[in-house]
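Below: the structure, in structure tokens.
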Amino acid sequence: MYLARVTGRVVTTQRYPGLDGIALQWIQPLDEDGKTMGEQLVACAVVSTGPGDLVMFVDGREAALACPTTFVPVDAAIVGFVEQVESKGAIIGRKARVS
Amino acid sequence: MFLAEVLGTVVAPVQIKVLDGEKLLLVRPITPDGKRTGKTRIALDRAGAGVGDRVLVVDEGNSARGVLGNPTAAVKTLIVGVVDYVESERGRYDHRSPRIKLVAP
């Protein structure tokens, strides 16, 4: 699992049937300082989250297991809404803005 | 599996069911001598680790599901051990103290 911030939403009218009703969100993985880590990606929001929220996501096969239908073509899923992270004594999460 | 350093704690009030009641820690992969390597992750603690500990992390779904005893758990990053020391041809890297010490063989 990785830490990430939701930066936007992705809307698709036509999609694979097993993905009906699952929100897709554009997320930016973060490192332990809250700085960006790697490329942005699209993830299924299994847990309700919105732009600006700090989240954790799981990638790979486990992402599909988190979805209501487990055989779906998904490689990243948001599995938790993160309130705060304490890292090296500093708190990241609260009041941080989407850059 | 890889060696990692526990940097902090993660508080997630809303999460999938399998994560309920589990301790989540922020970990960063390190080399035996303590240099940063790889991507920072969030791991489930199954070894009683704490902030500052050097730990052994498994990042593979089948193993994680086996440990959790749940064949459909959407979890793959698990702390499975707290590292005491690493031995190599250069000597022994002692991870029990806050600063990693190299003890020559």
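Taking region A:68-86 on its own, how many of its residues are within 17 Å of B:GLY61 (Cβ to Cβ), under 13 Å from the mean Cα position of the chain (by Cα) and facing another protein chain (nearest Cβ under 9 Å)?
Looking only at that region, the number is 3.
I'd like to verify a number: residues in region A:40-99 that are among the acidic types (Asp, Glu) and over 15 Å from B:LEU24 (Cα atoms), how many?
Of the residues in region A:40-99, 4 are among the acidic types (Asp, Glu) and over 15 Å from B:LEU24 (Cα atoms).
Within the set of pairs 6+ apart or on separate chains, which have a first residue in region B:82-100 that is on the phi > 0 side of the Ramachandran plot, a second that is exposed (fewer than 14 other Cβ atoms within 10 Å of the Cβ) and in a loop (DSSP other than H, G, I, E, B), and C-beta atoms under 9 Å apart?
From region B:82-100, the pairs are B:GLY91/B:ALA104; B:GLY91/B:PRO105.
Restricted to region A:37-58, and to residues that are farther than 15 Å from A:MET1 by Cβ and surrounded by 15 or more Cβ atoms within 10 Å (Cβ to Cβ), which residue is nearest to the other protein chains (Cβ to nearest Cβ)?
Filtering region A:37-58 for residues farther than 15 Å from A:MET1 by Cβ gives A:39-40, A:42, A:48, A:50-53.
Filter again for surrounded by 15 or more Cβ atoms within 10 Å (Cβ to Cβ), leaving A:42, A:53.
Values: A:VAL42: 17, A:ASP53: 10 Å.
If we take residues in region A:37-58 being farther than 15 Å from A:MET1 by Cβ and surrounded by 15 or more Cβ atoms within 10 Å (Cβ to Cβ), then A:ASP53 is nearest to the other protein chains (Cβ to nearest Cβ).
Based on this model, can you work out whether A:VAL6 counts as surrounded by fewer than 16 Cβ atoms within 10 Å (Cβ to Cβ), more than 10 Å from chain B (Cβ to nearest Cβ), touching a Phe, Trp or Tyr at 6+ places or on another chain (Cβ under 8 Å) and not charged (D, E, K, R)?
No, not satisfied.
Filter region B:19-43 down to residues that are within 14 Å of B:MET1 (Cα to Cα) and among the aliphatic types (A, V, I, L, M) and give me whichever is nearest to the other protein chains (Cβ to nearest Cβ).
Here the answer is B:ALA43.
The conditions are (1) in contact (Cβ under 8 Å) with a residue 12 or more places away in the chain; (2) under 24 Å from A:ALA45 (Cα atoms); (3) of a type outside the set (S, T, N, Q); (4) exposed (fewer than 15 other Cβ atoms within 10 Å of the Cβ), and B:MET1 fails exactly one of them. Which is it?
Condition (2) is where B:MET1 drops out.
Is region A:42-56 home to any residue that is out of contact with any Phe, Trp or Tyr (no Cβ under 8 Å at 6 or more places or on another chain) and assigned to a strand (DSSP E or B)?
Within region A:42-56, one or more residues are out of contact with any Phe, Trp or Tyr (no Cβ under 8 Å at 6 or more places or on another chain) and assigned to a strand (DSSP E or B).
Kindly indicate whether any position in region A:10-21 is more than 8 Å from chain B (Cβ to nearest Cβ) and closer than 23 Å to B:GLY61 by Cα.
Yes: one or more hits.
Read the figures in this text as sums done on the coordinates, not as results from a lab. In this text, all values refer to a predicted model and were calculated from it rather than measured experimentally. Reconstructed Cβ throughout: ideal geometry from the backbone, glycine too, with neighbour counts over all protein chains shown.
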